[in-house]
Amino acid sequence: MPSTLFARGSYREATRIADVLRKETVGGVLLMIGALVALVWANTPWSAAYESLRDLRVGPSDLFGLHLDLSLGTWAADGLLAVFFFVAGLELKREFVAGDLRDPRKAALPVAAAVGGMAAPALLYVLVNLRAGDGALTGWAIPTATDIAFALAVLAVISTHLPTGLRTFLLTLAIVDDLLAITIIAVFYTSTLQVTPLLLSLVPIALFGVLVQKRIRSWWLLLPLALVAWVLMHESGVHATVAGVLLAFTVPVVRSDAAGGPDAGPGMAEHFEHRVRPLSQGFAVPVFAFFSAGVTVGGLSGLGAALSDSVAVGIVVGLVAGKTVGIAGATWLVSRFTRAELDPELGWPDVIGLSILGGMGFTVSLLIGELAFGAGSLRDEHVKVGVLTGTLLAALVAAVVLRLRDRRYRLIAEQEARDDDADGVPDVYQRPSAES
């Protein structure tokens, strides 16, 4: 029997995903507020005050030979985003260890879509900048990321009743996307590598892993180890956010038999996720957005000048067209070569709409832009304009496409909420097709 693409999955997983998405939506709204405040401030007569705040250096300049005299903008990019990637790592591990995606057939689609959704934008960016010169190709990875918080905030604004299967796919796609992005950052955007600090960083990460495997939750033990791992990773030249992902991967997902087994309640990963996600979505990501999105446009003439740079054009094309082609194309290939079929309640216009929504690349795109061209450089300013423009265009087009399908989504939402036997589990999750 062929598998079903975008099936709603189990009720337990759907409930957990819905809870995660609600928190991500709140974080997305805060992210938008942070970005908007920065953008407005940077285009007022007081823009110099914003730049001074962003570039204010804080921290010891030579503590035990460490270089932690960083600007507030760098602290946000290197430090706060490590919290963001820690949560992403926890979520990814949980999905593939205990979630519906532990089934390889169900994992194939979001993984393939994430790979396609990164390859196509990178290719289009390279094609646009092939003859640009002046280091423009360095930014090839900028349009490859999807910002799940921003995408969900847009869904909340347009008030579309996206079905559970599509929401689950979008979340998983973005999480896999984040992991691939951090891999790209570590491999391609590490200019100088200090082997000794890198190897030393593995010691606190290993100790952290030993403690969490023994189910030790004491923050006064774990937090210092995490901070030491972050500092050593930062000193190695590898982007410090990598430490967040590696720490997350050490956390056990399923309860041990001694602790009651998988059915005894949430495991360590879910415990940490519940504790850390509010900090990530409510503070870390919005503050990063505030320090990264402030670009002085300079009116229509300045906007035109920024968008005349092939780097900005490549980013816009990559986010809007590349993401659509990559995600939808990968989905079609999975369907074609595995003989999997779309959920009968959905159609290819839904896939296209979701693929366009994947073009909302904000947080990680801005981070890669800073790494590629240098924070505060002219090219970095053009990157910000390109990312903001591409994200806005993707949001507008996706809103139109998904709103056109909202009547169908409302009917599906009503079915997913119907519980005729009043047993607390909607009827659609008790049909055999719900687990296919």
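The values are calculated or read from the model by the stated rules, or taken from the named source; none is laboratory data. All values derive from a computational prediction rather than experimental measurement. Positions of Cβ are backbone-derived with ideal geometry, glycine not excepted, and every protein chain shown enters the neighbour counts. Accessible surface is based on the protein model in full, side chains and every heavy atom, while ligands, DNA and RNA are left aside. Shrake-Rupley method; radii C 1.70, N 1.55, O 1.52, S 1.80 Å.
Tabulated data for the structure shown
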{"read-out": "Residue in the stretch 360-378 that is of a type in the set (Gly, Ala, Ser), within 17 Å of Ala151 (Cα to Cα), touching an Asp or Glu at 6+ places or on another chain (Cβ under 8 Å) and outside any helix (DSSP H, G or I) present", "value": "yes"}
{"read-out": "Counted residues, the stretch 171-203 - those being in a helix (DSSP H, G or I), of a type in the set (Ser, Thr, Tyr) and modelled with pLDDT under 90", "value": "1"}
{"read-out": "Hits in the stretch 391-410 - residues which are touching a residue at least 40 places away in the same chain (Cβ under 8 Å) and among the β-branched types (Val, Ile, Thr)", "value": "Thr391, Val397, Val401"}
{"read-out": "Looking only at the stretch 253-296, and only at residues there that are open to solvent by less than 40 Å² (accessible area, probe 1.4 Å) and among the β-branched types (Val, Ile, Thr), the one that is modelled with the lowest pLDDT", "value": "Val295"}
{"read-out": "Count of the stretch 80-105 residues which are open to solvent by 20 Å² or more (accessible area, probe 1.4 Å) and more than 21 Å from Arg8 (Cβ to Cβ)", "value": "5"}
{"read-out": "Flag for Phe169 being surrounded by 20 or more Cβ atoms within 10 Å (Cβ to Cβ), closer than 30 Å to Glu345 by Cα and among the hydrophobic types (A, V, I, L, M, F, W, C)", "value": "yes"}
{"read-out": "Boolean, Thr389 is polar (S, T, N, Q), under 30 Å from Ser310 (Cα atoms) and surrounded by 21 or more Cβ atoms within 10 Å (Cβ to Cβ)", "value": "no"}
{"read-out": "Every residue from the stretch 379-427 that is in a helix (DSSP H, G or I), under 26 Å from Val320 (Cβ atoms) and charged (D, E, K, R)", "value": "Arg379, Asp380, Glu381, Lys384, Arg403, Asp406, Arg407, Arg408"}
{"read-out": "Given (1) open to solvent by less than 70 Å² (accessible area, probe 1.4 Å); (2) of a type in the set (Phe, Trp, Tyr); (3) closer than 23 Å to Tyr189 by Cβ, index of the condition Tyr50 fails", "value": "(3)"}
{"read-out": "Candidates Pro45, Pro60 - the one that is more than 29 Å from the chain's Cα centre (by Cα) and open to solvent by 70 Å² or more (accessible area, probe 1.4 Å)", "value": "Pro45"}
{"read-out": "Selected residue (criterion: farthest from Ala305 (Cα to Cα)) from residues of the stretch 358-386 that are acidic (Asp, Glu) and open to solvent by 10 Å² or more (accessible area, probe 1.4 Å)", "value": "Glu370"}
{"read-out": "Total residues in the stretch 320-354, condition at pLDDT below 85, buried (at least 18 other Cβ atoms within 10 Å of the Cβ) and of a type in the set (Val, Ile, Thr)", "value": "0"}
{"read-out": "Among (1) at pLDDT 90 or above; (2) assigned to a helix (DSSP H, G or I); (3) open to solvent by 70 Å² or more (accessible area, probe 1.4 Å) - the single one Arg12 does not satisfy", "value": "(1)"}
{"read-out": "Residue in the stretch 151-170 that is closer than 16 Å to Ser355 by Cα and out of contact with any helix residue (DSSP H, G or I) (no Cβ under 8 Å at 6 or more places or on another chain) present", "value": "yes"}
{"read-out": "Residue match in the stretch 5-15 (condition: on the phi < 0 side of the Ramachandran plot and in contact with a strand residue (DSSP E or B) (Cβ under 9 Å, 6 or more places away or on another chain))", "value": "yes"}
{"read-out": "Filter pass, Ser61 being within 29 Å of Glu235 (Cα to Cα) and outside any helix (DSSP H, G or I)", "value": "yes"}
{"read-out": "Residue in the stretch 406-428 that is under 20 Å from Leu173 (Cβ atoms) and either hydroxyl-bearing (Ser, Thr, Tyr) or open to solvent by less than 50 Å² (accessible area, probe 1.4 Å) (or both) present", "value": "yes"}
{"read-out": "Test result for Val128, aliphatic (A, V, I, L, M), within 27 Å of Met233 (Cα to Cα), touching a residue at least 60 places away in the same chain (Cβ under 8 Å) and open to solvent by 40 Å² or more (accessible area, probe 1.4 Å)", "value": "no"}
{"read-out": "When residues of the stretch 297-319 are limited to those that are of a type in the set (Val, Ile, Thr) and surrounded by fewer than 24 Cβ atoms within 10 Å (Cβ to Cβ), the one farthest from Gly116 (Cα to Cα)", "value": "Val297"}
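Yes/no per residue for (1) over 21 Å from Ile17 (Cα atoms); (2) open to solvent by 10 Å² or more (accessible area, probe 1.4 Å):
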site: Ile158; (1), (2): no, yes
site: Ala174; (1), (2): no, no
site: Ile185; (1), (2): yes, no
site: Leu225; (1), (2): yes, yes
site: His234; (1), (2): yes, yes
